[in-house]
1. Quick one: which of Arg26, Arg96, Arg60 is surrounded by fewer than 16 Cβ atoms within 10 Å (Cβ to Cβ) and either touching a Cys at 6+ places or on another chain (Cβ under 7 Å) or basic (Lys, Arg) (or both)?
2. Out of the residues in segment 63-93 that are free of Cβ contacts under 8 Å to residues at least 24 places away in the same chain and among the charged types (D, E, K, R), which is surrounded by the most Cβ atoms within 10 Å (Cβ to Cβ)?
3. Which residues, counting only those in segment 165-177, are outside any loop (DSSP other than H, G, I, E, B) and either without any contact (Cβ under 8 Å) to a residue 60 or more places away in the chain or surrounded by fewer than 21 Cβ atoms within 10 Å (Cβ to Cβ) (or both)?
4. Name the single residue, out of those in segment 37-71 being hydroxyl-bearing (Ser, Thr, Tyr) and within 11 Å of the chain's Cα centre (by Cα), that is farthest from Arg201 (Cα to Cα).
5. Pull up segment 1-29, narrow it to residues that are part of a loop (DSSP other than H, G, I, E, B) and hydrophobic (A, V, I, L, M, F, W, C), then point me to the one that is nearest to Cys179 (Cα to Cα).
6. In the set Gly41, Gly69, Gly94, which member is on the phi > 0 side of the Ramachandran plot and of a type outside the set (Val, Ile, Thr)?
7. Just one of Val157, Val111, Val99 is under 18 Å from Val70 (Cα atoms) and not in a strand (DSSP E or B); which is it?
8. Assess whether Val162 counts as being under 17 Å from the mean Cα position of the chain (by Cα), part of a loop (DSSP other than H, G, I, E, B) and touching a residue at least 60 places away in the same chain (Cβ under 8 Å).
Amino acid sequence: MNPTPAALARALLAASPVIAVVRAPRIPDAAALCSALSAGGIHLTELTFTTPDVTTHLRRAARTGWRVGVGTVLTAEQADRAIGAGARFLVTPGLRPEVARRAHAARVPVVLGALTPTEVLRAHELGAAAVKVFPARAFGPGYFKDLRGPFPDIPLVASGGVNAGNAGEFLAQGALAVCAGSEVVAPEAVEAGDWAEITRRARAFTEACADR
């Protein structure tokens, strides 16, 4: 039996446990951005619907084979646009059943956002490949250890307030993966196309995770 998209996504997160979340008003070259992140050890890139014309950037990056998805997906219409542009995965900030349905129909993994235990369980029931606990800063790394008690088999992703100083602890306490935000993909560096700086930041972040 072939593995499901969700199972493949979980294996990928286990092997590459950092997702770079890009929130920039302008991306001069999405493929070059993904390449710069990969050179620093981050192989999963999440563009977001907060960036204007994000599907154009997604197409350019997906065309060159990078593992790039789209986050802040709130509606079925956005899910359809992202999937049509080549998104390898979708991410939501909260529980969005309609997004999950579109993702499942297209066999695209979806990471659903949650915070409380009830929401984590609901996201899992909706078929999430992983559950994004957001904002992770609200309760800190220890919260992931607590969640692992009742939910040992639900993959958790820490997002919001994760940095090089605490990413390793989130992973050590039970997160399968973490999201790296402006500390790695600073909007000004993205807009300037300063790929060397982004590679440097990505490498520093991944090295901090490896020290866990």
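The values are calculated or read from the model by the stated rules, or taken from the named source; none is laboratory data. Everything quoted here is computed from the prediction, not taken from an experiment. Because the Cβ atoms are built from the backbone with ideal geometry, glycine has one as well, and the counts that use them run over all protein chains shown.
1. Numbers: Arg96 fails: surrounded by fewer than 16 Cβ atoms within 10 Å (Cβ to Cβ); Arg60 fails: surrounded by fewer than 16 Cβ atoms within 10 Å (Cβ to Cβ).
Selected residue: Arg26, the only one of Arg26, Arg96, Arg60 that is surrounded by fewer than 16 Cβ atoms within 10 Å (Cβ to Cβ) and either touching a Cys at 6+ places or on another chain (Cβ under 7 Å) or basic (Lys, Arg) (or both).
2. Out of the qualifying residues, it is Asp80.
3. Residues satisfying the conditions are Gly168, Glu169, Phe170, Ala172.
4. Our first condition is that a residue be hydroxyl-bearing (Ser, Thr, Tyr); within segment 37-71, this holds for 38, 45, 48, 50-51, 55-56, 64.
Narrowing further to those that are within 11 Å of the chain's Cα centre (by Cα): 45, 48.
On the way: Thr45: 14, Thr48: 20 Å.
Ranking the qualifying residues of segment 37-71, first place goes to Thr48.
5. Val22
6. Working: Gly69 fails: on the phi > 0 side of the Ramachandran plot; Gly94 fails: on the phi > 0 side of the Ramachandran plot.
Only one candidate passes the filter, namely Gly41.
7. The match here is Val99.
8. no
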